[in-house]
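As structure tokens, the structure follows; a few thoughts come after it.
Nothing in this text is a laboratory measurement; each read-out follows from the coordinates by a stated rule. Just so we're clear, the structure is a prediction, and the values are computed from it rather than from any experiment. All Cβ positions, even for glycine, are placed from backbone atoms using ideal geometry, and neighbour counts span all protein chains on display.
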Amino acid sequence: MGGNSIGSGGDDGLDDHPTQRRFRAVFISDLHLGTAGCQAGALLDFLKSHPSDTLYLVGDIADGWQLRRKWYWPQSHNDVLQKLLKRARKGCRIVFIPGNHDEFARQFAGLHFGGIGVATQAVHVTAQGRSLWIVHGDYFDAVVRSAKWLAYLGDNLYELTLRLNRHLNGCVGTWVCRTGPCRLTSSSASSPR
């Protein structure tokens, strides 16, 4: 296992809710901050309800590919970063392992920013003493490593598919409400259309 890595270690971090169950480690990947599809609110809820001694951010936390094309960064994405920094300040050990979408951060491996360590890989030791090698999946993806143009093409097609899906779901939702029983969403849960 070459490259910059961070080994396992405990801490005596504090959390927002001391009566909650505390986890030794939490692993999160593929947040894609900087995209409209990022579920920042759900992530904040998850982080609040899952305090941990160590938090592994395993790649594609920020989506540099999308941000290069079009800047999208709402307040909720800032809130996620603030929550992560607050966790680090309160003693949670945070390890960020960049993936292909946030590969720009790989150049900072071995450094810490606001208490968040950047590494190309890490080793986590479980409570049972087993060692887990933590890397992002692009480490094993021949397309991402050898034919970056093909990876970018795939990303563009994926983004197009997501946009079509959002558009079609909006059209179908409107049609269903006009022709029959309305499906309730979080924005319309209080009253039918």
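The antiparallel fraction among DSSP beta bridges confined to the range 5-140 stands at about 25%. Ordered by the count of other Cβ atoms within 10 Å of each Cβ, fewest first, VAL123, VAL80, VAL95 give VAL123, VAL80, VAL95. Between LYS83 and LEU157, the contour length at 0.36 nm per residue exceeds the Cα-Cα span by 23.4 nm. For the range 27-77, a/c is not less than 1.5, where a ≥ b ≥ c are the root eigenvalues of the C-alpha gyration tensor, and a/b does not top b/c. That puts it in the oblate class. Net charge in the neighbourhood of ALA109 (other residues with Cβ under 14 Å of its Cβ; Lys, Arg +1, Asp, Glu -1) is -1. Ordering PHE96, LEU81, TYR56 by Cα displacement along the dipole of the range 5-140 toward the positive end leaves LEU81 in first place; charges were set at the Cβ atoms of Lys, Arg (+1) and Asp, Glu (-1).
From least to most packed, judged by other beta carbons within 10 angstrom and beginning with the fewest, LEU168, LEU43, LEU84 follow the order LEU168, LEU43, LEU84. Computed from the Cβ-Cβ distance with R0 of 41 Å, the FRET efficiency linking GLN107 to ARG21 stands at 0.65.
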